[in-house]
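The values are calculated or read from the model by the stated rules, or taken from the named source; none is laboratory data. Just so we're clear, the structure is a prediction, and the values are computed from it rather than from any experiment. Reconstructed Cβ throughout: ideal geometry from the backbone, glycine too, with neighbour counts over all protein chains shown. Please note that ligands, DNA and RNA were not included when accessible areas were found on the heavy atoms of the full protein model with its side chains. Shrake-Rupley method; radii C 1.70, N 1.55, O 1.52, S 1.80 Å.
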Amino acid sequence: MRSKKMTHGLEKAPHRSLLHALGLTREEIERPLVGVVNSANEVVPGHVHLHTIAEAVKAGVRAAGGTPMEFPAIAVCDGLAMNHEGMHFSLPSREIIADSIEIMATAHPFDALVFIPNCDKSVPGMLMAMLRLDIPSIMVSGGPMLAGGTLAGRTDLISVFEAVGRVQRGDMTMSELDEMTETACPGCGSCAGMFTANTMNCMAETMGLALPGNGTIPAVTAARVRLAKHAGMKVMELLEKNITPRSIVTPRAVANAVAVDMALGGSTNTVLHLPAVFGEAGLDLTLDIFDEVSRKTPNLCKLSPAGHHHIQDLHAAGGIPAVMAELTKKGLVDTSVMTVTGKTLAENLAELNARVLNQDVIHSVDAPYSAQGGIAILKGSLAPQGAVVKQAAVAPEMMVREAVARVFDSEGEAHAAILGGKINKGDAIVIRYEGPRGGPGMREMLSPTAAIAGMGLGADVALITDGRFSGGTRGAAIGHVSPEAADGGNIGLVREGDRILIDIPARRLDLLVGEAELATRRETFVPLEKPVTSPLLRRYARQVTSAATGAMYRK
């Protein structure tokens, strides 16, 4: 046991003394020590209930003969950080979460770990730590929030963001907005649609690092507590059999995760997070792989923001096991992979009798929403290294469009122009210097995309940026343009009034400016250097790589 480095032998008597100071008995010190990483806090709605989940995990560990030892991890609420300087710190928190867990789990050599995340960066950050450490581990999230609303219809957080534009436009009153504000997010859990947090929790289940149900069992149910208890028990079995994360996450598991992501129409942020997660296991996941899998994987679900269903509906329809079972009909998922159940995916699906229970929520592979997956990778003169769009949430009339560039050097400038009525049909809003290095921190831009929808321009205006989008974004929102402006990318050469070609079916994003003119512009081009006062952000900007490679730290 790894913990013996801390608990056994004559020279470790002082260590045992410190463990006794925690209230541990000799018997507890002799048992396997299981670290329980808990990202609970009173700031993030998705994390406010995680102490309950942690207590259930610890009960499961004790029931299976282990000694649980809980320690914390930070978590940022992207919704609360949106549209102000706080969003600069969201993506960097992913690396800090992974690093801090490595510190705790190495300074105190646990035999196994249980990870309890829920929201946007806590899930990939913990997955990165899990694969980096490669000791027996399991993840159990806090679960999705229920959809909100009234008898008039369901709502979620995105409904509120979009309502801001509707009020500005005169289609909604402030009193109606106030009512929606109080009802759209009815309680704890990760926001109710197929946004980034829920996408990544589904990915953890898909790649075999979490138990079936992890991505979809609602936060407020007793089933979520039972799942946490089972996770605590199961990690002891993984320890006994020495099943570690890297023995589960193989190239076949990578392919499974991307396929399910495409079938779900998940958040574009998975294109940032999955390469970073798999990179910790020494596996390469490029934008080309995403596009290759997307071209052959049908889109089976349209959950909010792409459609009107929510995660609770996906769960009732059979959850992730049902989606995977449907994909196996076309050989799009490899069921021979190992999972944290200690069984293969094929054995799990058979034991669960996995099948689609509602084909309105999970379409058949023979009658999908579309023949291709939910995400497309675009390349061209505006994005030589690639850009990302959630094509499942793009209006048909925006799939191919030649648009007029409206150029902004920050999210705030663009958002003010949208709400100020200065954006017209046929425009392409270009927001640059918001990439991983130029931001710094690659801010999410839910406020401007929601404002576009709220102002009634969702079928007429594109948004193109070297920043990123919330999983709740819908419309022709094209992000991760690489190279970013701060790295000298062509997005930095765009001028007001230039024409841009968007051709999602052909996977093209082109600046319709001649080579000679681009060369002339480049001669005098000096990337904008934003003043950065935060030492953390200055350090992040120096270390971070391109969005095209997952915005990881340079190795």
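Under 13 Å Cα-Cα from Lys343, which aspartates and glutamates qualify once same-chain neighbours fewer than 8 residues away are excluded?
The reachable aspartates and glutamates, counting only those whose Cα sits under 13 Å from Lys343, are Glu237, Glu351.
Round to the nearest 10 and give me the degree value, 0 to 90, for the angle of helix 270-279's Cα axis relative to the longest principal axis of the chain.
Taking Cα atoms only, the helix is inclined about 40 degrees.
Of the accessible area of the range 290-363, with the probe set at 1.4 angstrom, what percent is carbon plus sulfur?
Working: 1400 of 2920 Å².
Reported share for carbon and sulfur atoms: 48 percent.
What do the square roots of 5 times the Cα gyration tensor eigenvalues come to for the chain, in whole Å, largest first, as semi-axes of the equivalent ellipsoid?
Working: eigenvalues 311, 132, 101 Å².
Semi-axes, largest first: 39, 26, 22 Å.
Filter the cross-link list Lys302/Lys329; Lys121/Lys241; Lys12/Lys234 down to pairs whose alpha-carbon distance in this structure exceeds 25 Å. Don't jump to the answer; show the numbers that get you there.
On the way: Lys302/Lys329 20 Å; Lys121/Lys241 30 Å; Lys12/Lys234 29 Å.
Beyond 25 Å: Lys121/Lys241; Lys12/Lys234.
Of all beta bridges DSSP finds with both residues in the range 330-480, what is the antiparallel percent, to the nearest 5?
Close to 35 percent.
Give the accessible area for Arg355 in Å² (nearest 10); use a 1.4 Å probe, count only protein heavy atoms, and leave out ligands, DNA and RNA.
Approximately 120 Å² of Arg355 is accessible to the 1.4 Å probe.
Taking the Cα atoms only, what angle lies between the long axis of helix 319-328 and the longest principal axis of the chain, rounded to 10 degrees?
Value to nearest ten degrees: 70.
Accessible area per residue for the chain in Å², computed with a 1.4 Å probe and the full protein assembly in place, what is it? Please list the in-between numbers first.
Details: 20090 Å² over 555 residues.
Heavy-atom SASA per residue in the chain reads 36 Å².
What does the charge count around Val140 come to, taking other residues whose C-beta lies under 13 Å from its C-beta (Lys +1, Arg +1, Asp -1, Glu -1)? Present the calculation step by step, with values, prior to reporting the outcome.
On the way: positive: Lys58, Arg224, Arg226, Lys229, Lys234; negative: Glu55, Glu205.
Result for the local shell: +3.
How far apart, in nanometres, would the label points at Glu529 and Glu292 be if each is projected 7 angstrom from Cα along the Cα-to-Cβ direction?
4.0 nm
Taking the alpha-carbon centroid of each part, what is the distance from the range 365-426 to the range 101-174 in angstrom?
Each part's Cα centre sits 25 Å from the other's.
Please give the FRET efficiency for Thr183 paired with Glu30, using the beta carbon to beta carbon distance and R0 = 45 Å, rounded to the nearest 0.05.
Details: r = 52 Å, r/R0 = 1.15.
E between Thr183 and Glu30, to the nearest 0.05, is 0.30.
Expressed in nm to one decimal, what extension gain is obtained for the pair Gln359 and Met1 from 0.36 nm per residue of sequence separation less their Cα-Cα distance? If you can, show how the numbers build up before the last one.
Numbers: separation 358, 0.36 × 358 = 128.88 nm, distance 4.75 nm.
My answer for the length gained is 124.1 nm.
Quick check: pseudo-label points 7 Å beyond the Cα along Cα→Cβ at Ala316 and Glu102, how many nm apart are they?
My value for the distance between the label points is 4.4 nm.
Can you give the angle from 0 to 90° between the axis of helix 122-133 and the longest principal axis of the chain, with both taken from C-alpha atoms, to the nearest 10?
Relative to the chain, helix 122-133 is tipped by roughly 50 degrees.
Could you check the simple spin-label distance between Glu496 and Thr344, using points 7 Å along Cα→Cβ, in nm with one decimal?
6.3 nm
So how much slack lies between Glu515 and Gln168, counting 0.36 nm per residue of separation and subtracting their Cα-Cα distance, in nm? Mind showing how you got there, number by number?
Numbers: separation 347, 0.36 × 347 = 124.92 nm, distance 4.09 nm.
Length gained between Glu515 and Gln168: 120.8 nm.
Scattering from the C-alpha atoms of the range 406-555 alone, worked out with Debye: what is log10 I(q)/I(0) at q = 0.15 1/Å?
For the range 406-555 at q = 0.15 Å⁻¹, log10 I(q)/I(0) is -0.78.
Loop only by DSSP, 14 or fewer other Cβ within 10 Å of the Cβ. Give me the GluC sites (Glu not before Pro) in the range 39-115 that pass, ordered by residue number. Don't skip to the end; give the middle numbers.
Numbers: sites: Glu42, Glu55, Glu70, Glu85, Glu95, Glu102; in loops: Glu42.
Here the sparse-neighbourhood loop sites are Glu42.
Show the residues, 5+ positions off or on another chain, whose built amide H is closer than 5 Å to the amide H of Ser370.
Here the answer is Asn299, since their amide H atoms fall under 5 Å of that of Ser370.
Could you tell me the accessible area of Arg538 in Å² (1.4 Å probe, neighbours in place), rounded to the nearest ten?
100 Å²
By a straight-distance test (C-alpha under 17 Å), which aspartates and glutamates pair with Lys425 as possible cross-link partners, with residues fewer than eight away in the same chain excluded?
List returned: Glu397, Glu402, Asp460, Glu496, Asp498.
Straight-line reach from Lys530: which aspartates and glutamates fall under 17 Å, measuring Cα to Cα and dropping same-chain residues less than 8 apart?
Glu85, Asp409, Glu411, Glu413, Glu434, Asp466, Glu484, Asp487
Per the helix-only calculation at 222 nm, which mean residue ellipticity applies to the chain, given -39500 (n - 2.57) for every DSSP H run of n ≥ 4 and division by its residues, nearest 500 deg cm²/dmol?
Details: 22 runs with 218 residues, N = 555.
Only helices count here, giving -11500 deg cm²/dmol.
Rounded to two decimals, what is Rg over Rh for the range 85-238 when you use alpha-carbon atoms and the Kirkwood radius?
1.07
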